[in-house]
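Here is the structure we will look at.
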Amino acid sequence: MNFEKVAVVGAGTMGNGIAHVFAQNNFKVTLVDKEQALVDRGFSNISANLDRQIKKNIISPEDKQRILDNIQVQTRLSLIPTDVDLLVEAIYENKDAKLSIFNELETNIKFDCIFATNTSSISITELASASRADRFIGMHFMNPVPVMQLVEVIRGYSTSQHTFDTILQLCSAIGKTPVEVNDYPGFIANRILMPMINEAIYSLYENVASAKDIDTVMKLGMNHPMGPLTLADFIGLDVCLSIMNVLYNGFNDSKYRPCPLLKKMVAAGKLGRKSGEGFFNYTEGK
């Protein structure tokens, strides 16, 4: 493996986290989003997260400058260097939007570049249909990316062994632990996590217990660091609903049916931390 240049499409929470990790490990990174304000915000978040690492003595102030110097930002896909070795798509969970990106980049990026998607639930095989299927793979990072060690590495139907082995090596090179996962809806992390969150929402919906008490049971009884409803708010209720719909449609099984309360809250714009309110209120004291 002789990778030097990486492009990350999407400068949101996951995208800027992925860019951060690659830049910290001495890769040259191009971070792309559709508006200058979005890439500026992503870059600022990277800078703030590096400051946290300095306070924890993980890196030095000199390291921070080196890492930031490894990142350039762009607002057009056409400005991604054609010689990047890896392209990671990290936009919102929408199949058509992701396919559009890969379709546009297929003829612009060098032939042997590996295309990867950070999707948390959408079929790798279906996304690979837009481009180089043998050099297409899933790299599902966990949030927050600079902290969490796991990467689910998901093969599509046509992903080559060489591509898979290369990405395993790459994950190890950036300090992550890769886990091999086959291409089924939700993969492993979300196939297990999201039904648990959905069941917690059903428990609230059916008035089994309050949101606070449901989370307390899971924290104190199961030793979870965060209750499922707090975690749902952290992930974003719209994201939770999107993943539950992928599971429900992909398996055609009623056990994955999204709770009506989840659907109602998303329709009302109560999306969790990012909107200020979900199962808990995050605007108090501000």
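The values are calculated or read from the model by the stated rules, or taken from the named source; none is laboratory data. A quick note: this is a predicted structure, and the numbers were derived from the prediction, not measured. For neighbour counting, all protein chains shown are included, and Cβ atoms are generated from backbone atoms with ideal geometry for every residue, glycine included.
One residue alone among LEU68, LEU127 is assigned to a helix (DSSP H, G or I) and touching a Gly at 6+ places or on another chain (Cβ under 8 Å), and that residue is LEU127. Scanning segment 17-55 for residues that are surrounded by fewer than 19 Cβ atoms within 10 Å (Cβ to Cβ) and not in a helix (DSSP H, G or I) yields ASN25, ASN26, LYS28, LYS34, GLU35. Residues in segment 219-237 that are buried (at least 19 other Cβ atoms within 10 Å of the Cβ) and either free of Cβ contacts under 8 Å to residues at least 60 places away in the same chain or more than 15 Å from the chain's Cα centre (by Cα) (or both): GLY227, PRO228, LEU229, THR230, LEU231, ALA232, ASP233, GLY236, LEU237. Residues considered: THR82, THR75, THR30, THR125. Of these, the only one that is at pLDDT 95 or above, among the polar types (S, T, N, Q) and under 25 Å from ILE243 (Cα atoms) is THR125. Note on segment 56-92: residues that are under 30 Å from ARG132 (Cβ atoms), surrounded by fewer than 18 Cβ atoms within 10 Å (Cβ to Cβ) and of a type in the set (Asp, Glu) amount to 1. Let me confirm something: among ASN26, ASN2, ASN45, which residue is out of contact with any strand residue (DSSP E or B) (no Cβ under 9 Å at 6 or more places or on another chain) and farther than 30 Å from LEU99 by Cβ? Only one candidate qualifies: ASN26. On the given criteria, is ASN108 out of contact with any His (no Cβ under 8 Å at 6 or more places or on another chain), within 21 Å of TYR248 (Cα to Cα), surrounded by fewer than 21 Cβ atoms within 10 Å (Cβ to Cβ) and at pLDDT below 95? When the stated conditions are applied, ASN108 does not pass them. Can you name the residue in segment 145-159 that is farther than 19 Å from ILE122 by Cα and in contact with a helix residue (DSSP H, G or I) (Cβ under 6 Å, 6 or more places away or on another chain) and is also surrounded by the most Cβ atoms within 10 Å (Cβ to Cβ) among such residues? Result: VAL145. The number of residues in segment 254-285 that are surrounded by 11 or more Cβ atoms within 10 Å (Cβ to Cβ) and touching a helix residue (DSSP H, G or I) at 6+ places or on another chain (Cβ under 8 Å) comes to 19. Among the residues of this structure, ALA11 does not count as one that is within 19 Å of LEU99 (Cα to Cα), touching a Ser or Thr at 6+ places or on another chain (Cβ under 7 Å) and crowded, with 16+ Cβ neighbours inside 10 Å.
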